[in-house]
Amino acid sequence: MTSEERRARLVRTLELNGIWDRRILDAIGRVPRERFVPEHLANEAYEDRALPIGDGQTISQPYVVARMTELLDPQPGDHVLEVGGGSGYQAAILSLLARDVVSVERRPSLADAEAARVAELGYANVRVVKGDGSQGHAAAAPYDRILIAAAAPSIPAGLAAQCAPTGRIVAPIGPRDAQVLTIQHGDGRVERAEVVQFVPLVGSGGFPE
Ligand code: SAH
């Protein structure tokens, strides 16, 4: 099977699992996930599960990427912040759906690899920033959409302050062992979706290392 065929099969799996937004399914169908995982795991890239990317971190499960993107509902003109860039896969998906993406990654080796990968694959509207994103990235605020791709005990106040009044934040909120996907709207409304398991957000707005 070619990687395009594997991707198409993954898209069908996501549809069967309830992902309905065509734009998101199309984006998943276009981004070569095998380029975002370590080479020796390339043959597992289109299984619907998280995979290790080094430094004890993971690339999220495709279903969770799709679901969080659906809850985030990025619009074509949106300026998006992602906290926890990891492999850059989620940022690549967002880059196809929004105007631009600032992706903050705290581990230097992952941030360097992420920046090189998104540049090589031509996602020119993704900018990788190295550092602690648990209080956001004030230099490029405000953002229309903020996605936290790591588990946090609550939505850090610094991040909430960088969200536009008409915007929203999507994040896995809860203790280290399990979290609830949470949507916090710019007007203060909060909604909750399914339970997930993310690696911790480490830093002033997250968990201690
Ligand atoms: N979105 C990623 C998966 C992220 S895994 C992908 O698509 O591959 C969570 C990532 O958050 C890890 O790479 C971890 O290093 C990073 N992280 C944890 N705390 C952080 C912080 N305070 N600021 C920025 N990145 C952080």
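Across the chain, C-alpha contacts under 8 Å between residues 6 or more apart give a mean separation that, scaled by the residue count, equals a relative contact order of 15 percent. Counting protein heavy atoms only, region 72-209 has 53 percent of its accessible area on carbon and sulfur, 1.4 angstrom probe. Put simply, the Cα atoms of region 84-140 extend 25, 22, 15 Å along their principal axes, the longest span coming first. The calculated FRET efficiency for the pair residue 34 and residue 75, based on their C-beta separation and a Förster distance of 35 Å, comes to about 0.75. For the pair region 1-21 / region 32-111, the C-alpha centres are spaced 16 Å from each other. Computed from the C-beta positions of residue 192 and residue 23 and an R0 of 22 Å, the FRET efficiency is 0.40 to the nearest 0.05.
The mean accessible area for residues of the chain, using a 1.4 Å probe and ignoring ligands and nucleic acids, is 44 Å² per residue. DSSP finds beta bridges in region 1-138, and of those with both partners inside it, around 25 percent are antiparallel.
Distant-in-sequence amide contacts of residue 54, defined by a placed amide H-H separation under 5 Å and a gap of 5 or more residues or a different chain, comprise nothing.
With the helix formula -39500 (n - 2.57) applied to DSSP H stretches of n ≥ 4, the chain reaches a computed 222 nm mean residue ellipticity of -8000 deg cm²/dmol. One compactness figure for region 14-166 is 0.97, namely its Cα radius of gyration divided by 2.2 N^0.38 Å.
The values are calculated or read from the model by the stated rules, or taken from the named source; none is laboratory data. Just so it is clear, the model here is predicted, and its values are computed rather than measured. Here the Cβ is made from the backbone with ideal geometry for all residues, glycine too, and neighbour counts use every protein chain on show. In case anyone asks, the SASA skips ligands and DNA or RNA and just uses the protein heavy atoms, side chains included. Shrake-Rupley method; radii C 1.70, N 1.55, O 1.52, S 1.80 Å.
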